[in-house]
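Comments concern the structure below.
The values are calculated or read from the model by the stated rules, or taken from the named source; none is laboratory data. These numbers come from a predicted model, not from an experiment. All Cβ positions, glycine included, derive from the backbone under ideal geometry; neighbour counts span all protein chains shown.
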Amino acid sequence: MEVYELDKSIFEYLEKRNLIKQYKKAKELLKLNQLTSVHFKKRKPKTSGKYYFRITKKYRAIGVFDGKDFIVTEISDHQE
């Protein structure tokens, strides 16, 4: 599985919050199929088809599957 970003706004958001290093590490773990390490889960409502994985305790990457690849569509502040 590959992990892609929808557009450059994802990296702009991460860069403003100094999360690039943590995001890349979580992304690599996801590529290696270590789903429990990044708390990869289906987002509620379960019928939405959206999934998320943990970047830090505070931030989550949200996205969808496009065939066999995962596309990150947004980064969410989990604690807001």
Candidate set: the range 1-25, residues that are surrounded by fewer than 16 Cβ atoms within 10 Å (Cβ to Cβ) and of a type in the set (F, W, Y); chosen: the one farthest from the chain's Cα centre (by Cα): F11
Considering residues of the range 26-41 that are assigned to a helix (DSSP H, G or I) and surrounded by 14 or more Cβ atoms within 10 Å (Cβ to Cβ) only, the residue farthest from the chain's Cα centre (by Cα): L29
Residue in the range 53-80 that is nearest to L19 (Cα to Cα), counting only those that are acidic (D, E) and not in a loop (DSSP other than H, G, I, E, B): D77
Subset tally (residues that are surrounded by 13 or more Cβ atoms within 10 Å (Cβ to Cβ) and not hydroxyl-bearing (S, T, Y)) for the range 42-68: 11
Some residue of the range 60-71 being of a type in the set (K, R) and modelled with pLDDT under 95: yes
Test result for E74, closer than 15 Å to E2 by Cβ, acidic (D, E) and surrounded by 12 or more Cβ atoms within 10 Å (Cβ to Cβ): no
